[in-house]
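Reading through the C-alpha cells given below for one structure.
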Amino acid sequence: MNIKKLTLILFVLISTNLIAQNEIKFGAKAGTNFSGFHTGKSAGTNIIGINIGGMAEYELSDSFSIQAELLYNSRGGKVLGDGTNPNDFGFDAKLSYLDIPIQGKFYFIKKMSFDFGTQFGFLINEKAELHSGEEVELIGTKSFDFSINGGISYRFENNLTIQTRYNFGLTEIFENERYKNSMISLSLGYYFN
C-alpha cells in the first residue's frame, strides 16, 4: 500500500472517530503564507500565497487536543540558476497543494496552545515564471509532499482563533534536486460551535 492511500485511510478513520464524539469543534480558517525552499542549510520566504480550509479539534483534556485540517495552500520559492549560463537566472516556482495537517495542541496557558504535528500534501497545480516574467513549464515536480510543522494558537472568547505556524518540508519537491518546502503561515479562524 503506498503512502497516499495510507494517508487517506488514516485521515478518514481519524475523522470518522472524531465525528462520533461530542467534544469535537468544527471551524474554518484562512490566511497568508510566506514560503520558499530550503536545501537543508538555508531557507527563504520569498513567495506570498494564501491558505484556506476547514478544521476540526477534538479535546482530549483541558490541556491537550488534536486538530485535523483540510487546507488549500499556495506556496513556492525561487529556484536559482546553476551559474554556467549567463542567461540562466532561475525561476519562481508557484505550487498549490491540498494539505492535511494533523496537530497535537498543548495548552500551556488558558486559550493559548503550542501546536506540533505532521502534514501530508498533494500537489494540485504548478507553474513557473522566469525572473524575466516569461512563464515556463515545470518538469519533474513530485505530486506528494510530507512535512512537519509547529506553531502557536490563541482562541478568543468569541470562538475566533489566530494561528501562526512554520512548516518544514521533508520531501524533495523536484526530481534530482534538493529543494524542499519551507513556509510560515498566519491564519485567522472561527469555530462554529
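The values are calculated or read from the model by the stated rules, or taken from the named source; none is laboratory data. Model, not experiment: these values are computed from the prediction. So basically every Cβ, Gly included, is an ideal-geometry build from the backbone, and we count neighbours across all protein chains shown.
Checking each residue in region 123-146 for being of a type in the set (Lys, Arg) and either part of a loop (DSSP other than H, G, I, E, B) or in contact (Cβ under 8 Å) with a residue 60 or more places away in the chain (or both) picks out only Lys142. Considering region 79-116, and only residues there that are small (Gly, Ala, Ser) and part of a strand (DSSP E or B), the residue that is modelled with the lowest pLDDT turns out to be Ala93. Hey, can you tell me all the residues within region 155-180 that are modelled with pLDDT of 90 or more, touching a His at 6+ places or on another chain (Cβ under 8 Å) and not hydrophobic (A, V, I, L, M, F, W, C)? Correct list: Gly169, Lys180.
Quickly run through region 147-193 and pick out the residues that are under 28 Å from Glu23 (Cα atoms), without any contact (Cβ under 8 Å) to a residue 60 or more places away in the chain, not acidic (Asp, Glu) and not in a strand (DSSP E or B). Of everything in region 147-193, those that are under 28 Å from Glu23 (Cα atoms), without any contact (Cβ under 8 Å) to a residue 60 or more places away in the chain, not acidic (Asp, Glu) and not in a strand (DSSP E or B) turn out to be Phe156, Asn158.
Among residues of region 59-73 being part of a strand (DSSP E or B) and surrounded by fewer than 19 Cβ atoms within 10 Å (Cβ to Cβ), the one that is modelled with the lowest pLDDT is Glu59. Out of all the residues in region 82-98, is one or more surrounded by 15 or more Cβ atoms within 10 Å (Cβ to Cβ) and among the aromatic types (Phe, Trp, Tyr)? Scanning region 82-98 turns up at least one residue that is surrounded by 15 or more Cβ atoms within 10 Å (Cβ to Cβ) and among the aromatic types (Phe, Trp, Tyr). Restricting region 157-188 to residues that are within 18 Å of Lys110 (Cα to Cα) and of a type in the set (Ser, Thr, Tyr), the residue that is surrounded by the fewest Cβ atoms within 10 Å (Cβ to Cβ) is Thr164. The single condition among (1) within 22 Å of the chain's Cα centre (by Cα); (2) surrounded by fewer than 17 Cβ atoms within 10 Å (Cβ to Cβ) that Val136 does not meet is (1). Exactly one residue among Ser132, Ser185 is modelled with pLDDT of 95 or more and out of contact with any His (no Cβ under 7 Å at 6 or more places or on another chain), and that residue is Ser185. Within region 27-55, restricting attention to residues that are at pLDDT below 85 and of a type outside the set (Gly, Ala, Ser), which residue is surrounded by the fewest Cβ atoms within 10 Å (Cβ to Cβ)? Ranking the candidates gives Lys41 first.
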